[in-house]
Amino acid sequence: MKKTVLITGAAGGIGSAIALELAKSGYDIVINYCHSKEAAEALRERIIREYGVQCLAIKADVSKEDEVDAMVSQIEAQIGPVDVLINNAAIDKPDFFRLKSAEDFRRILDVNVVGAFNCAKRVYSSMLERQSGNIVNIVSTNGINTYYPMCFDYDASKAALISLTHNLALQFAPYVNVNAVAPGFIGTEKELEGYDEEFLKQETEKIFLKRYGKPEEVAALVRFLISPEASYINNTVIRIDGGQYGSC
């Protein structure tokens, strides 16, 4: 029986790579997006055309409980219950500390942390009733020991999401595995945008493999974590950073 995967923030970057990887593996896909409708629809059409699985693209702000409820209700009505939740939606707003506002900080926490909570809470009863499911939170090495002063609020949100991962693993036990994937420097278009060659060179020198990662490499790890082969991996944060060390 096919399984349905909800990927939040899936219109581009790591999220879209996960959607393509899991569609290739036969999962039905739900692409959640907030602003990038054109990209989400193009990805949906590609997935249906290339992999022949069911695929929806649904607009919802995951920080808003009512929109998450409506999104999951639509999925349940059109495809079936959510079997796998990938909490990938995240925002950041790099700026100097003195220019940060409490409003900006709250918005980042709302999307990056409360959004994951809202989605997990909405699928909780269904997964426990069926005694089956997987949740993967996309965190970051920024939440562990790689710090960027321009985005300390993003770093704080990822540290909070790591803590939430451990607590959700307890709440969903023993039927649902909850893990986190912590990417380091991944070469998405958004990640590379605006950086000059000197900065990229400096950052890759901090990585044992001397290169930044590919979104497809993160997607492959996520695919493994939700597979039967990973059924005994739970309550774990897995770094995928090429051996990154040091901070900006």
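The values are calculated or read from the model by the stated rules, or taken from the named source; none is laboratory data. What you are looking at is a predicted structure, and each value in this text was computed from that prediction instead of being measured. Neighbour counts are summed over all protein chains in view; Cβ atoms, including those assigned to glycine, are modelled from backbone coordinates with ideal geometry.
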- Got a sec? Which of Asn112, Asn32 is closer than 23 Å to Lys190 by Cα, under 16 Å from the mean Cα position of the chain (by Cα), in a strand (DSSP E or B) and not hydrophobic (A, V, I, L, M, F, W, C)? Asn32
- Query: If the Cβ limit is 9 Å and pairs must be 6+ apart or interchain, which residue in region 1-28 that is under 12 Å from Gly52 (Cα atoms) pairs with which residue that is modelled with pLDDT under 95 and surrounded by fewer than 24 Cβ atoms within 10 Å (Cβ to Cβ)?
  - Reply: Gly26/Lys2; Tyr27/Lys2; Asp28/Lys2
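I'd like to know if region 190-199 contains one or more residues that are among the hydroxyl-bearing types (Ser, Thr, Tyr) and either on the phi > 0 side of the Ramachandran plot or part of a loop (DSSP other than H, G, I, E, B) (or both).
yes
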- Query: How many residues are part of a helix (DSSP H, G or I) and at pLDDT 95 or above if we restrict to region 123-144?
  - Reply: 8
- Task: Would you mind telling me which numbered condition in (1) polar (S, T, N, Q); (2) surrounded by 23 or more Cβ atoms within 10 Å (Cβ to Cβ); (3) within 16 Å of Ile91 (Cα to Cα) Thr141 fails?
- Result: (2)
- Item | Qualifying positions in region 58-108 - charged (D, E, K, R), closer than 23 Å to Ala42 by Cα and in a helix (DSSP H, G or I) | Glu67, Glu76
- Note on the structure: Inside region 153-167, the number of residues satisfying the requirement of being of a type in the set (A, V, I, L, M), in contact with a Gly (Cβ under 9 Å, 6 or more places away or on another chain) and in contact (Cβ under 8 Å) with a residue 24 or more places away in the chain is 4
- Message: Scan region 207-222 and tell me whether some residue there is free of Cβ contacts under 8 Å to residues at least 12 places away in the same chain and under 20 Å from the mean Cα position of the chain (by Cα).
- Response: no
